[in-house]
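Notes follow the structure.
The values are calculated or read from the model by the stated rules, or taken from the named source; none is laboratory data. Everything quoted here is computed from the prediction, not taken from an experiment. All Cβ positions, glycine included, derive from the backbone under ideal geometry; neighbour counts span all protein chains shown.
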């Protein structure tokens, strides 16, 4: 299934893609849907009002997750381009719900930076509460996958050895358009092509099969630290090709369009506008 949260005149609605329409699932967003123990059955069988796919206004797939955990240094090529050794453990940092945008929303360039960078990321959405998960529990907790552009404010990110301040700028993180269930993309360890294109120029290309720490491992690892709840988001890291690692460096400018895409999941297409 492909599931989304749409903005409608009556507020946000959780929907299922069904041909050329989105079917209302009876919940205000996917976070509310995933909180239901039988959400898979509900999502597959719901027959509520429909909305056309054409012109759909996508909200963040989960507008208010209880937590967003991001992973750094998780593709071999990206680690090498940043001049670092392969890690023994995942590098984790948080985001917050205020950072999130819909898949087609504008990205407002912060006035405080000229170092706005792109990062396409395979993103896990949690569909079941889990703590200290084993392999089976971790796999079962994955509701599906979506696309995130972990847009980063590089000059603020590298002011200190701790990255958070460069990763949590308000309304800079597109996520969506759909949460796609694992059965549609080859399971809970999918090997999917990922890419970033800026104004028609390919900046990133890789395959999620080359992740050092795969989605199931990450659910196990993170759930050891903290309870993962329905609707929580785990961004699994970005491949090589970020602007900050180029020589000379290249960053996003107002007027440009950045498209982050993952095969089978869809794309976030976002125009950068002046702050």
Self-check item: Residue selected from the range 195-219 under the condition touching a strand residue (DSSP E or B) at 6+ places or on another chain (Cβ under 6 Å) and under 30 Å from residue 42 (Cβ atoms), by the criterion surrounded by the most Cβ atoms within 10 Å (Cβ to Cβ)
Solution: 208
Quiz item: How many residues are more than 25 Å from residue 142 (Cα to Cα) and in contact with a helix residue (DSSP H, G or I) (Cβ under 9 Å, 6 or more places away or on another chain) if we restrict to the range 247-275?
Solution: 4
Quiz prompt | Enumeration of residues in the range 29-49 that are over 19 Å from residue 101 (Cα atoms) and within 21 Å of the chain's Cα centre (by Cα) | solution = 33, 34, 35, 39, 40, 43
Practice problem: Answer yes if at least one residue in the range 73-88 is out of contact with any helix residue (DSSP H, G or I) (no Cβ under 7 Å at 6 or more places or on another chain), at pLDDT 95 or above and within 30 Å of residue 245 (Cβ to Cβ), and no otherwise. | Solution: no
Quiz item: Considering the range 221-255 alone, what residues qualify as being surrounded by fewer than 21 Cβ atoms within 10 Å (Cβ to Cβ), over 17 Å from the mean Cα position of the chain (by Cα) and more than 21 Å from residue 84 (Cβ to Cβ)?
Solution: 224, 225, 226, 227, 253, 254, 255
Quiz item: Does at least one position in the range 31-47 carry a residue that is modelled with pLDDT of 95 or more, in contact with a strand residue (DSSP E or B) (Cβ under 9 Å, 6 or more places away or on another chain), assigned by TED's automatic domain parsing to the domain that holds residue 213 and not in a strand (DSSP E or B)?
Solution: no
Quiz item: Of the conditions (1) over 22 Å from residue 170 (Cβ atoms); (2) touching a strand residue (DSSP E or B) at 6+ places or on another chain (Cβ under 7 Å); (3) outside the structural domain of residue 121 (by TED's automatic domain parsing), residue 77 fails just one. Which one is it?
Solution: (3)
Quiz item: Can you tell me how many residues in the range 5-28 are over 20 Å from the mean Cα position of the chain (by Cα) and in a strand (DSSP E or B)?
Solution: 7
Quiz item: Here are some conditions: (1) over 23 Å from residue 208 (Cβ atoms); (2) modelled with pLDDT under 95; (3) touching a strand residue (DSSP E or B) at 6+ places or on another chain (Cβ under 8 Å). Residue 168 meets all but one. Which one does it not meet?
Solution: (2)
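Checking the conditions here, which among 163, 169, 156 is surrounded by 17 or more Cβ atoms within 10 Å (Cβ to Cβ), over 21 Å from residue 197 (Cβ atoms), assigned by TED's automatic domain parsing to the domain that holds residue 129 and out of contact with any helix residue (DSSP H, G or I) (no Cβ under 6 Å at 6 or more places or on another chain)?
Result of the check over 163, 169, 156: 169.
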Exercise. Working only within the range 143-162, note down all residues that are over 19 Å from residue 210 (Cα atoms) and within 18 Å of the chain's Cα centre (by Cα).
Key: 143, 151, 152, 153
Quiz item: Looking at (1) in a loop (DSSP other than H, G, I, E, B); (2) in contact (Cβ under 8 Å) with a residue 12 or more places away in the chain, which is the one condition that is false for residue 55?
Solution: (2)
Quiz item: On the given criteria, is residue 64 farther than 14 Å from residue 175 by Cα and not in a strand (DSSP E or B)?
Solution: no
